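Remarks on the structure that follows.
The values are calculated or read from the model by the stated rules, or taken from the named source; none is laboratory data. Just so we're clear, the structure is a prediction, and the values are computed from it rather than from any experiment. Cβ atoms come from the backbone with ideal geometry, glycine included; neighbour counts cover every protein chain shown.
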Amino acid sequence: MSLRFSLRSPFGETVVRDVADGRWVEPSGDGDATIGESMWALPGLVDAHAHLAAAELDYQPGSLDGAIVRAAESLRAGVTLILDKGWTDDVAVRLIDEVPEWDRPEIEAAAGIIASGEGYFPGFAREVDASGLDAAVRELAGAGRGWVKVIGDWPRRGVGPVANFSAAELAGAVAVAEEAGARVAIHTMAREVPSIAVAAGVHSIEHGLFLEEDDIAVLAARGGMWVPTITRCETTLAQLGVESSGGRLFREGLDRIGRLLPLAAEAGVHVLAGTDLVGSPANVASEALRLADYGLSNTQVLTAVSVGAFVATGRPDPFAVGSPADAVLFPADPIVDLGVLSSPGHVVRLGRVM
């Protein structure tokens, strides 16, 4: 049976497409059935900070079998693109290589994580000093699929979060990654490190509890990304306790996110939704709702959890002729009711209706 797709975007436009070889094409002839005529379409939900290798933050080697299950679960939930920000091993990269693309979301992935000595959980990351940073970035950029992950800061006992690398060292790492065709994502929860990372040209700020307004302007000017992972930060706050020193830091940082998030979206920063192991990527709709609670408009939330990531990663118009035939169809307009993001009516991956 020949299917035709009516793709009515919540952002206003409607296009009609057929599928050939997993790509959108202009309609030709008559389709036997049309999918989506009374529905609203997004090109897919996006988890911009995922870790497919594990089901929880256990800092153990990844599981390929588990990653395959999580990827399939995410696709059924309407996630068609995942930005995997690395693990202790290359499970996400192996998943990309071993699972047919129509059975999983599209995935970009870091092949590992880089930190300084004592700058992360012992033995989990590739531990380097400043002299070894560029070489590690070069190696992992070549092994990964589009990303290098760097731990920008980490707490030391009695001191609190401390920067792992200087602005000059991070700038060198960014240049090396770009030469290899990769982007750099940085974990940062310390006060001064977001500004250091932005000044160094880092492409994506992960968590970013202490971004400054000046950083927002610089990040927006170059089309940078910010993935605040609000649910992860709130979960960590609860684990630390609100009256602990770490808890107070997180509470202050979350308050800052609530103030800066709308400013960042309005300025043109690519604010994106990421689960960071609070559930699998299938849970990204819940993170989208937290972005709304922290001040984004419904339109900005939809951008953050869908089309914004396609733009930020340099993809063409997702519904244009020649683009991958991916879509998630909802029974109601998600701009009116964000709750429908967790209940897609149809998921289409490379022209196949799930």
For GLY274, are the conditions met, namely being without any contact (Cβ under 8 Å) to a residue 24 or more places away in the chain and under 16 Å from the mean Cα position of the chain (by Cα)?
no
Tell me, please, whether a residue that is over 27 Å from the mean Cα position of the chain (by Cα) and polar (S, T, N, Q) can be found in the stretch 10-23.
no
Is at least one residue of the stretch 168-175 at pLDDT 95 or above and under 27 Å from ASN283 (Cβ atoms)?
no
With respect to ILE230, is the statement that it is touching a strand residue (DSSP E or B) at 6+ places or on another chain (Cβ under 8 Å) and not hydroxyl-bearing (Ser, Thr, Tyr) true?
no
Restricting attention to the stretch 93-130, and to residues there that are within 24 Å of GLY172 (Cα to Cα) and β-branched (Val, Ile, Thr), which single residue is surrounded by the fewest Cβ atoms within 10 Å (Cβ to Cβ)?
VAL128
Scanning the stretch 131-145 for residues that are surrounded by 17 or more Cβ atoms within 10 Å (Cβ to Cβ) and among the small types (Gly, Ala, Ser), which turns out nearest to VAL353 (Cα to Cα)?
GLY144
Hand me the list of helices (runs of 4 or more DSSP H) wholly inside the stretch 282-354 holding 1 or more residues that are among the polar types (S, T, N, Q).
284-293, 298-302
Do the conditions hold for ALA55, that is, is it buried (at least 24 other Cβ atoms within 10 Å of the Cβ) and either under 24 Å from ILE205 (Cβ atoms) or under 17 Å from the mean Cα position of the chain (by Cα) (or both)?
no
Neighbours by Cβ (under 6 Å, 6+ apart or cross-chain): first from the stretch 67-91, within 19 Å of GLY44 (Cα to Cα); second acidic (Asp, Glu):
VAL79/ASP47; THR80/ASP326; LEU81/GLU106; ILE82/ASP47; LEU83/GLU108
